[in-house]
Structures are given as C-alpha cells and as structure tokens.
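Have a look at the structure below before the remarks.
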Amino acid sequence: MILSFCFILVFSCYQEDSENTLTLTFAGDAIPQFMIRNILDNRGESGIISIFSLVTNYLKDTISFYNLETTISENPAPFKAYTFQVQPDFLLALEKAGFDYYTVANNHSLDYGVDGFQKTMKYIDKSKATGYKYNDELSSLIFEEKGIKIGFFSFSMLSNNPLPKNSTLKGKSNVYLPAVAYDESSLLLIEKFTKVLATRCDILIIGIHWGEEYSFTVTKLQEKTAKRLIEAGADIIWGNHPHVIEPFEIYDSKLILYSCGNLISGQAYNILNPEDATFHPNYYYTRSVPIIQVEIDTLSKQLKTVSLIPLYQANNYGYKKSEEPYSSLLVPLTEYLNDCNNINLYLKYYDTVFDWFFRFLDEKGLAILSDSYQKQVNLFFSKTYQIVVKSEKKIYITVESPESKVKSP
C-alpha cells in the first residue's frame, strides 16, 4: 500500500517565499508534438514562451525542473508522430519562460540514433542538464541555493531505440540509457552512484523516466526502484513518462513523485474528437498539467510542504481562423472555476489578453471549457486526494487560500 501525504492545493497566483524556505518546482514532459511543433515553426521562440504567460509567477523565486523529451537540431527533420526533433529555440523558450534544470534521459533520447543524441548535446547547457554520460561517468549536478547543497542526476529505464546489449557505444561519451528494468547490475550501479552523491549534498534529487503511458497506477518496478534509491540516499524521486499524474508517496520521510504528467504537449489536442477518447480512456487527461512545488526548510534542511498547482492546456484547435497558426495556453485551473461566469474577472489576474481565447469563449461558449476544467478538478481529487493518505508524520499541512471556492476532501 502506498503511504502518502495530504498536500497543499494551491489556488492563489503566487505566494512569497519565506526567508527560511527554499522552493523547488517539478514539472513533467515537454514534448514538441504536432501542435507544439507547429507553434514553434510558425511563431518561433515567442510562440512557446506565450504558452506559459499565465504561470510565470509560479516559477519566480523557485528552482524548477522539467523533462526535455525531444532531440535538438539546427535543421530539424520534418514532424513525425512518434519521433521528435526541434530547433534550439524550443530549449531557449523554456529557459526564458522560467524553467531552470532539466533531464535529457527519456525514451525519445535516441529517436535519431546516437548521432542525433550527440548533436543534441551541442545545445544542452551542461550546467543545467543531466541524463547523459560524460567521459564514461554519469552526469550529475551539485549547486547551492540559500545555503542548501542540491544534488541532481537522472536516467531513463525506457528507450524507443535501445542500443544493442553488447554495443561498444554504451560506454561512450554522451550516451547513457541504462536498462534498469532488465538489468539488475545497472540498478546496482545507480545505487552506488546515489550513495556517493548523497554524501556531497543536503538534498539529492533523482529524475527517472519510467512507468506505463496513460496509467494512473504505479508499477511494482517503479515502487521497488524508488524505495531502493531512497534507501541509498535520495531525498526526492521525480518521475516522468506516463503523461498523466500518478500518486505521490512519502517513504522514510522522503518524497516520491511517481509521475508529474505533461508540461506541454500536443496530446489530445482536439477535445471534441471522439478518437481522442477511444485511443485510450485516460488520453484526455494528458492535458491536465500538475506543477508540484516542494518547500525545503533551510534551517533543518528537511521537506516542509508539498503543493500541487493544477493547470489545463487549452488550445485553439477547431476554432482558429484558417490563416492563423496554432496557439496553446497553460491556464491555472481553479482560478477559472472560481470566476467561470465572468471571464473578465478571471483575466484580472493577468496582464496579457489572448484574442483566440476570447474568440473561443464567444464561439463555443463557456460550457465546453467549464466542463473540461471540471473534469480536471475531478481528476486531481479522485486520482490524487483519494489515492494518497495522510503521512503518519505530520510534516505536510493542508491549507486552502481564501480565494478558493473548490473544497478539498
């Protein structure tokens, strides 16, 4: 049974970080699928940055992490449904939107082979990224914020294009995708690396690409791997790949985020298309975007609170003008529900006006969007609150801001 915690569901736009608190922000997969690639090709860096216009305040004064689920090339290949490659502007846009650190270890890292991954590394800021091998050593970072030394490394348990078991490239620079799921020796190496790195930092974060796509259920392999690495010295396990949220867990007073869902993607881009529902029963929820914020007490150097900021990825598919490029927007969920009868009141929180967003409301009415958002709230409540249980140790506090009209269970 997964023992977890009761966490803060954040409704206010931004909360000041206290002097004795360090805030870490964890997001999910940044995937340049059809719609995102179209935005990048037509509107460039600014088009991607605009997706985050309503959530940048959440990223202020935090240290943030996301999964870069694509390869990078100055001249990217034409879009394909299941192989990803984009120009460097995608990476730069995420940085300018407010995201700091990222992993490059995922099942799409080798979409264009070892050569494509090594070319990607030319554009990677090695002071911000992990998930590759350098000089036959697993990459890792140690940086200091507010007097706390934070360690960070990542790896993938999955690959769409795995290297042959005896490939001479496995130990070469810039390629590291250990088959932990099939090779106990790989996990032993990760455990050993964890033990060493844990002695050099106060908080150790391990990013893992794992699990089953579109599943709200944690696999036994995920649970076993996470707990072994916490026993080896990890403080936070940050999981990605399922594209939907999975339960969080407290194990030995340490935090396991089994899946943080998507950050931005082109999945389920047409909510009116029945095929999106028949593709997979949970496919729709790939547009539910959970951002997780973890507060660390800088005095005790222990986890203080964990909060979940629910967002929804809206887009203009199906109602844009024919000559218009695609647009997408991450919308803070609960603030919309609070003011769904007065969209102008809702947008009082923000400085930017989005013509296509207003046009959608005019043409389609509030009903579709309101229904979509309510489904997201139901998801977060049913798939998170009802699955997790309070930790025996009362280090996590449930609070509700005065602005909220959505009651937590």
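Only residues that are under 15 Å from L187 (Cβ atoms) and surrounded by 22 or more Cβ atoms within 10 Å (Cβ to Cβ) were counted in segment 217-238, giving 7. Just to be sure before I move on: is A232 touching a Leu at 6+ places or on another chain (Cβ under 6 Å) and closer than 23 Å to L141 by Cβ in the structure I sent? When the stated conditions are applied, A232 does not pass them. Scan segment 282-297 for residues that are of a type outside the set (G, A, S) and either free of Cβ contacts under 8 Å to residues at least 12 places away in the same chain or farther than 16 Å from I236 by Cα (or both) and the total you get is 8.
Among the conditions (1) under 19 Å from the mean Cα position of the chain (by Cα); (2) within 19 Å of I208 (Cα to Cα), the only one that D111 does not satisfy is (1). Output yes when any residue across segment 150-168 is closer than 30 Å to K304 by Cα, in contact with a Pro (Cβ under 7 Å, 6 or more places away or on another chain), in a strand (DSSP E or B) and modelled with pLDDT of 60 or more, and no when none is. Yes. For segment 94-141, a residue qualifies if it is at pLDDT below 90, buried (at least 19 other Cβ atoms within 10 Å of the Cβ) and among the charged types (D, E, K, R), and exactly one does: K133. Just to be sure I understand the filter: pairs with C-beta atoms under 9 Å, separated by 6 or more residues or on different chains, first member in segment 265-281 and at pLDDT 65 or above, second member in a helix (DSSP H, G or I) and basic (K, R). Which pairs pass? Note: pairs meeting the criteria are S265/R287; G266/R37; Q267/R287; A268/R287; Y269/R287.
Of all the listed residues (S253, S327, S307), the sole one being farther than 25 Å from S159 by Cα, touching a helix residue (DSSP H, G or I) at 6+ places or on another chain (Cβ under 6 Å) and surrounded by fewer than 24 Cβ atoms within 10 Å (Cβ to Cβ) is S327.
The listed residues are P242, P281, P290, and the only one of them that is assigned to a loop (DSSP other than H, G, I, E, B), buried (at least 24 other Cβ atoms within 10 Å of the Cβ) and at negative phi turns out to be P242. Residue count for segment 7-28 under the criterion of being among the aromatic types (F, W, Y) and at pLDDT 95 or above: the result is 1.
The values are calculated or read from the model by the stated rules, or taken from the named source; none is laboratory data. Computed from a predicted model, the values in this text were never measured in an experiment. Neighbour counts are summed over all protein chains in view; Cβ atoms, including those assigned to glycine, are modelled from backbone coordinates with ideal geometry.
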